[in-house]
Structures are given as C-alpha cells and as structure tokens.
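Participant: Structure in structure tokens, see below.
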Amino acid sequence: MPTLLNFDGFKFFFYANDHLPAHVHVLKGGSWAKIELENLEVVSSSFKPAELKKVLEIVNQHQQEFLEKWYEWFSR
C-alpha cells in the first residue's frame, strides 16, 4: 500500500494492486474516502462535509504529484 502523504491526521494512499481510473484513498480515524485524481470526483466517502472539503483541498494541492506517483507505480 504505497502511502502518498500523511498530513493533518489524513493518510493518502493507493493499493499496490489498484485499478484505473487513477484514484486515491484517504483515511482518518474511522472515516474514509475514495477520490478520482483526474477530475477530483468523490467516488465514496464517510467524512463529514467539512472534513471532505479539507480532503479535496489537499488532493487538489497535490493532484499532479499523486498522479505522477500513481502512473510511476503502475508502469513498473
């Protein structure tokens, strides 16, 4: 499970055997989300609205980096 970022209690990662479309999983406490990286679409989430907003801001700030790491990992 490659970890992309640990920030403010959120863990951003993808699974080593994950699938397209490129996406990131996010965990904090007992909450989670799955966000598509190309369009920042929330696929699923159990975060409260304020936390999800923060998650999306962080993913937006790191979108290019996350996409590069995704494609680097899966092109091996």
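Participant: Could you check how many residues of the stretch 23-42 are surrounded by 17 or more Cβ atoms within 10 Å (Cβ to Cβ) and assigned to a loop (DSSP other than H, G, I, E, B)?
Facilitator: 1
Residues are listed down the side, and each one gets a yes or a no for (1) among the aliphatic types (A, V, I, L, M); (2) under 25 Å from SER75 (Cα atoms):
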site	(1), (2)
PHE14	no, yes
LEU20	yes, yes
LEU37	yes, yes
LYS54	no, no
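Participant: I need a count of the residues in the stretch 46-66 that are closer than 18 Å to ASN6 by Cα and among the small types (Gly, Ala, Ser).
Facilitator: 0
Participant: Can you confirm whether PHE14 is in contact (Cβ under 8 Å) with a residue 60 or more places away in the chain and not hydroxyl-bearing (Ser, Thr, Tyr)?
Facilitator: Here the answer is no, as PHE14 does not meet what is asked.
Participant: Being buried (at least 17 other Cβ atoms within 10 Å of the Cβ) and either of a type in the set (A, V, I, L, M) or in a strand (DSSP E or B) (or both) is the filter here, so list the residues in the stretch 43-76 that pass it.
Facilitator: SER45, LEU52, VAL55, LEU56, ILE58, VAL59
Participant: Shifting gears a bit: So SER44 clears everything in (1) of a type in the set (S, T, N, Q); (2) at pLDDT 95 or above; (3) within 18 Å of TYR71 (Cα to Cα) except one condition, right? Which one?
Facilitator: (3)
The values are calculated or read from the model by the stated rules, or taken from the named source; none is laboratory data. In this text the structure is predicted, and so the values were computed from the model without any measurement. Cβ: placed from backbone, ideal geometry, glycine included. Neighbour counts: every protein chain shown.
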